[in-house]
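Undergrad: Sharing a structure here in structure tokens format.
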Amino acid sequence: MVDDMESFYSMEAKTDDVKDTALRPLTLRDFQGQDKLKDNLEIFIKAAKSRKEALDHVFISGPPGLGKTTLAGIMANELGVEARVTAAPALDKPKDLAGLLTTIQPGTVFFIDEIHRLKPAIEEMLYVAMEDYELDWIIGQGPSARTIRIPVPPFTLVGATTKPGKVSSPMYTRFGITLKMDYYDKRELIDILNRSSDILKIDIHEEAADLLAKCSRGTPRVANRLLRRMRDFAQVNGDGIITKAIVVNGLNRLGIDDKGLERHDRDILRAIIEKYNGGPVGAETLAISVSEGIDTLEDFYEPYLIRQGFLKRTSRGRVATLRAYELLKIDVKDNDEGQGILF
Ligand code: ADP
């Protein structure tokens with residue numbers, strides 16, 4: 001087991017994704033899982049196309065790596081329009097937004113990632129653009145300042161977020177279509193792994209794909225990353241074929257257990273139990289304790305730990321559950337001051 005390696009799952013660096021744009025599905029047909037969401041979207045796309053109108057604005061929420069950016073690309077592709085991709089922090093000044101919106105083709109899918117992080121001034125500008133396809137532009141300063149309206153081509157705003165609760169309600173209500181993405185089940189992840197293996201020309205055994213799917217945290221990005229690492233192990237330690245033995249050994253080397261938890265997950269739980277007596281502990285304090293960014297903690301690690309029943313979010317902070325004590329083989333009695341598990 002490699003204990004001093006960086007978090008395998010760290011979502012900050014999407015480097016592998018960049019390398020493997022080949023794995024990004026381009027059509028709804030190739031997009032695995034999320035069937036209900038896909039069925040609805042297919043109808044909305046068909047309807048917009050037959051009316052020759054821009055698709056209504058789309059709001060997509062869900063944890064990182066589930067395919068929000070991919071879906072925006074698919075929408076553009078299926079509609080036969082261009083896609084423009086940006087993230088809220090890149091839209092610093094009104095001119096950044098104006099620069100983008102005044103140079104798009106009619107019907108463009110305009111994707112803004114982390115839409116909950118838009119500055120209020122940009123958000124207000126966007127309201128008018130979304131509703132009227134116009135921009136309010138202020139000319140001059142002080143008493144002589146005046147506002148002119150600049151027309152922009154009809155477009156579809158696709159706003160994605162890992163934190164839907166942080167999106168203002170005036171913003172949220174301007175989206176005609178809202179899609180909530182959820183973790184993928186094992187069968188869907190196996191399909192994703194098999195599709196990626198075909199594209200990358202990797203030979204993978206059925207039980208190996210099964211095990212990888214189980215350890216992928218319900219997340220396609222994680223599944224694809226694990227697949228690439230297992231390919232490395234298979235090439236160096238085996239004959240290039242990903243067998244179950246290669247996966248068992250590879251996961252062990254990466255410090256990933258059969259539930260998909262890595263060292264960092266265990267560090268988070270251990271910190272709550274050992275430093276804060278099981279909790280409750282505030283998210284910011286916890287993030288500092290484990291040297292992790294608050295966003296990565298809240299968006300990536302916590303949702304999965306909660307889903308697996310190791311962690312609870314309470315109004316007073318994060319609490320380790322009995323399962324977490326069992327996982328780390330810590331006796332509750334040795335550590336019962338905080339009584340966190342009673343919450
Ligand atoms: P998000 O924007 O939600 O963080 P991305 O759209 O960047 O996630 O997806 C991460 C990676 O996972 C993509 O590179 C893509 O290859 C893969 N992926 C995501 N969803 C699917 C899916 N439903 N089917 C196949 N591959 C997927």
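Read-outs throughout are calculated quantities, based only on the coordinates presented, and are distinct from any laboratory measurement. This structure is a prediction, so every number in the text was calculated from the model and none was measured. FYI the Cβ positions are ideal-geometry reconstructions off the backbone, even for glycines, and counts take in every protein chain you see.
Undergrad: Between GLU206 and ASP56, what length in nm is gained on full extension when 0.36 nm per residue of separation is reduced by their alpha carbon distance?
TA: 49.9 nm
Undergrad: OK, next. Rounded to the nearest 20 debye, what is the charge dipole size of region 139-287 about its Cα centre when +1 sits on each Lys and Arg Cβ and -1 on each Asp and Glu Cβ? Don't skip to the answer; put the middle values down first.
TA: Details: 24 positive and 18 negative charges, 164 e Å.
With Lys and Arg at +1 and Asp and Glu at -1, about 780 debye.
Undergrad: If you don't mind, another one. How much length would be gained if the chain were fully extended between ARG316 and ASN237, taking 0.36 nm per residue of separation minus their Cα-Cα distance, in nm to one decimal?
TA: Difference between extended and current length: 23.6 nm.
Undergrad: Be a star and scan region 298-321 for residues whose amide nitrogen sits under 15 Å from the point 7 Å along the Cα-to-Cβ vector of ALA283.
TA: Counting only backbone N, you get 298-307, 311-319.
Undergrad: Which values of log₁₀ I(q)/I(0), to two decimal places, follow from the Debye formula for region 263-342 at q = 0.13, 0.16, 0.21, 0.25 Å⁻¹ with a uniform point scatterer at every Cα?
TA: -0.31, -0.47, -0.84, -1.23
Undergrad: Place a +1 charge on the Cβ of each Lys and Arg in the chain and a -1 charge on the Cβ of each Asp and Glu, then give the dipole magnitude about the Cα centre in debye, rounded to the nearest 20. Before the final figure, lay out each step's value.
TA: Details: 48 positive and 53 negative charges, 112 e Å.
Value, rounded to 20: 540 debye.
Undergrad: Also, I was wondering about something else. Residue by residue, what Karplus-based ³J(HN,Hα) values in Hz, rounded to whole numbers, does region 88-93 have, using 6.51, -1.76 and 1.60 with θ = phi - 60° and x for Gly and Pro?
TA: Karplus-based 3J(HN,Hα) across region 88-93 equals 3, x, 7, 9, 8, 10 Hz.
Undergrad: Taking the number of other C-beta atoms within 10 Å as the exposure measure, put GLU292, GLU207 in order starting with the fewest. Intermediate values should be presented prior to the final figure.
TA: On the way: GLU292 20, GLU207 13.
Ordered by Cβ neighbours within 10 Å, fewest first: GLU207, GLU292.
Undergrad: Also, I was wondering about something else. Looking at the chain from every direction and averaging, what is the projected area of its Cα convex hull in nm²? Mind dumping the intermediate values first?
TA: Working: hull surface 80.6 nm².
Its Cα hull, projected and averaged over all orientations, spans 20.2 nm².
Undergrad: Once the dipole of the chain is set up with Lys and Arg at +1 and Asp and Glu at -1 on Cβ about the Cα centre, which of ILE150, THR219, ALA22 lies farthest towards its positive end?
TA: The one lying farthest along the dipole's positive direction is ILE150.
Undergrad: Mind checking the log10 I(q)/I(0) for region 2-180 at q = 0.09, 0.15, 0.20 Å⁻¹? Debye, one equal scatterer per Cα, no solvent, two decimals.
TA: For region 2-180, the Cα-only Debye profile gives -0.35, -0.89, -1.47.
Undergrad: So what is the relative contact order for the chain, in percent, with contacts set as C-alpha pairs under 8 Å and at least six apart? List each step's numbers first, then the result.
TA: Working: 528 pairs, mean separation 56.9, N = 343.
About 17 percent, as a whole number.
Undergrad: Among ARG117, ARG29, which comes first, then next, by fewest other beta-carbon atoms within 10 Å? Numbers along the way, then the final one.
TA: Numbers: ARG117 17, ARG29 11.
Arranged by neighbour count, lowest to highest, ARG117, ARG29 become ARG29, ARG117.
Undergrad: Using only DSSP helix segments of four residues or longer, with each worth -39500 (n - 2.57), what per-residue ellipticity at 222 nm results for the chain after dividing by its residue count and rounding to 500?
TA: Values: 14 runs with 139 residues, N = 343.
Rounded to the nearest 500, it is -12000 deg cm²/dmol.
Undergrad: State the antiparallel share, in %, of DSSP beta bridges confined to the chain, rounding to the nearest 5. Write down the numbers at each step before the final one.
TA: Values: 11 of 30 bridges.
Taking every DSSP beta bridge within the chain, about 35 percent pair in antiparallel fashion.
Undergrad: Now for a separate question. Consider all pairwise Cα distances in region 33-115 and report the whole-number % of them above 14 Å. Could the numbers behind the result be given before it?
TA: Details: 2246 of 3403 pairs.
I get 66 percent for the Cα pairs in region 33-115 exceeding 14 Å.
Undergrad: Oh, and also: Please compute, for the alpha-carbon atoms of region 187-343, the extent along each of the three principal axes and give them in descending order in Å.
TA: For region 187-343, the Cα extents along the three principal axes come out at 52, 28, 27 Å.
Undergrad: With +1 on each Lys and Arg Cβ and -1 on each Asp and Glu Cβ, how big is the dipole of region 2-180 about its Cα centre, in debye rounded to the nearest 20?
TA: Values: 22 positive and 25 negative charges, 122 e Å.
Rounded to the nearest 20 debye, it is 580 debye.
Undergrad: Extending each Cα 7 Å along its Cβ direction at SER291 and LYS180, get the distance between those two points in nm, one decimal.
TA: 3.7 nm
Undergrad: Could you pull out the pairs from LYS46/LYS163; LYS38/LYS163; LYS46/LYS119 whose alpha carbons sit more than 26 Å apart here?
TA: Table pairs above 26 Å Cα-Cα are LYS46/LYS163; LYS46/LYS119.
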